[in-house]
Amino acid sequence: MRLIQQIKTQFNIWALLSFIFITIILLPTTLIAIQFFGEANENWYHIREYLLIDIISNTVILLVFTALTTTIIGTSLAWIVTVYKFPFRSFFKWGLILPLAIPPFIGAYTYHGIVNYTGFIQSTLRNSFGIQMDQKFFSIMSLEGTIFIFTMFLFPYVFVITKSFFENQSSSIIENARLLGSSSFGIFFRIVLPISRAAIIGSITIVMLEVINDYGVVKYYGIQTFITSIFQTWFAMGDKDSAFKLAGTLMVVVIMILLLEKIVRGRKQFSFSSTKIRPIQPTQLKGLKAWIAFSYCFFIFSFGFMIPFIQLISWMLMTYERILSKEFYILVGNSFFTAAIASMFIVVIGLIIANYSRIHRGLFPKFLSRVTVLGYSVPGAVIAIGVITIFLALDRYLSSLFTMFSIDTTFVLRTSLVMLISAYIIRFLAVGYNSIEAGFEKVGIRFTEASRTLGSSTIKTFFKVDIPMVKGAIFGGFILVFVDILKELPLTMLLQPFNFQTLATRAFRYANDEMISEAASASLLIILVSAVCIFFFHRILDRGEQR
């Protein structure tokens, strides 16, 4: 009742538009929930009886062990880079983020190409040293290999978030612990880890959601998970009802992860008791300790970025003459066009919702801001199924509506880019919205209120005052979304129109057809664009910290 009362008092054009956008975001997941409780068919009974246990166990194993390994690597690297000075520390502060530029499915086929029978390692052992190795020692296409791939290319999520948290802590905490006789290990395990629990758990949740959403790695390595099962049920069997059941079951897993995050975080909060805070000053390491720190960072950087990047360059030099054709440039155009259009829509929608939520206080604006981030927690395959069903219904409606004009609209929407871009908006709105919301929080509402007091309308204030002040956040949100869409695979694979491919889908198809060298050019372009954006944001963050 209170929520309805607030909606009535705060209703305006911003509220209306925000409500429409939120409804669109919720529609696919609501549809999945409804269909999940529908009548089951024989295929679903077979899947539930013979396959579901393996699907759940594989998914849980990947989630648990990837969370564990990324936590160990990400937090340890964040602590070393924040607290100590050692050779090339400034490089590793942003270099250890670079593995995020490599989509896990690209890392998966690259490492398989490196360690297989014709790869660099075994070829060198045979040709240079005359050593024949048992193939089982080089088998990476397994659960263990999949965990390795996810760890190497997802640990930067933990590294970035925990490093940011460590850098904002007061140095007095560590200094007091040292005065009381605690060692570096004791300080890390007994003080730093407990107070950074929220940051670590939040970053692990992101990693786990990325693992659940992945299709390329598990498909290429032959691991049966929810995403591969949804693809097989939908494409191979043409059974949308069973696909709905699998998608609904996967949503239950996602909800359990989010609830577990809340439980593990608990209600404990740590805050500063004084406004005079001196950030942690890194301690200079010397001799062996300095080179141990450097070696650890370089080892992880090599496996997470340098080795696969060098291998991709080698493959690209072997194949670029026949790959860099007119068709390749069409792929580049397709990828950049869809990413740019979807990113622009996301920025506009994010601006509208964030502006409404900051100006008005209460349950309804708070509800809107919370629901906005829902799409990112929903796996791409689940969103795709919901979007396909909605657009099929729209096509049927349009078909019956335009029959009087003898116009065939049976496949107007379901075979267009509208469906793909709509799914991108639902999936990645949270990324753009968070950036814009952070920008609005920094500037506050004082200037907006001053403009309204001087007689400017809400619309004029929005364009003349609000947008200029958060243009950096808008541009940042656009770039982040652009890169995410450029790397997106499951949504694009399910929803791309006929005879339409992107760099990500073409690279995956080449790799899936065992044409690994041919996949290198498309993969490198994705990586280079992502790496440039990562470097750009690192420089912006560094300047912000210095100010």
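No value in this document is a laboratory result; all are computed from the given coordinates. Values in this document were obtained by computation on a predicted structure and should not be read as measured data. Heads up, the Cβs are rebuilt from the backbone with ideal geometry, glycines too, and the neighbour counts pull from every protein chain shown.
So here's what we get for this one:
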item	result
In Hz, Karplus ³J(HN,Hα) per residue of the stretch 322-331 (6.51, -1.76, 1.60; θ = phi - 60°; x = Gly, Pro)	9, 8, 6, 10, 4, 4, 5, 5, 5, 4
Trp291 versus Arg509: modelled label distance in nm, points set 7 Å from Cα along the beta carbon direction	5.1
Amide proton proximity set for Lys85, modelled H, under 5 Å, gap of 5+	Thr283, Gln284, Leu285
J(HN,Hα) series, the stretch 282-297, from Karplus relation 6.51 cos²θ - 1.76 cosθ + 1.60, nearest Hz, glycine and proline x	x, 8, 6, 8, 10, x, 4, 4, 5, 6, 5, 4, 4, 4, 5, 4
From phi via Karplus (6.51, -1.76, 1.60), per-residue ³J(HN,Hα) for the stretch 430-440 in Hz, x at Gly/Pro	4, 5, x, 5, 4, 5, 5, 4, 4, x, 5
The stretch 481-522-the stretch 358-382 distance, computed between alpha-carbon centres (Å)	29
Pairs beyond 25 Å (Cα-Cα), from Lys219/Lys487; Lys163/Lys366; Lys85/Lys442; Lys442/Lys487; Lys326/Lys471	Lys163/Lys366; Lys85/Lys442; Lys442/Lys487; Lys326/Lys471
Gain upon complete extension [Phe475, Leu17; 0.36 nm per residue less C-alpha separation]	162.7 nm
Ranked packing of 114-126, 89-101, most packed first, by mean Cβ within 10 Å	89-101, 114-126
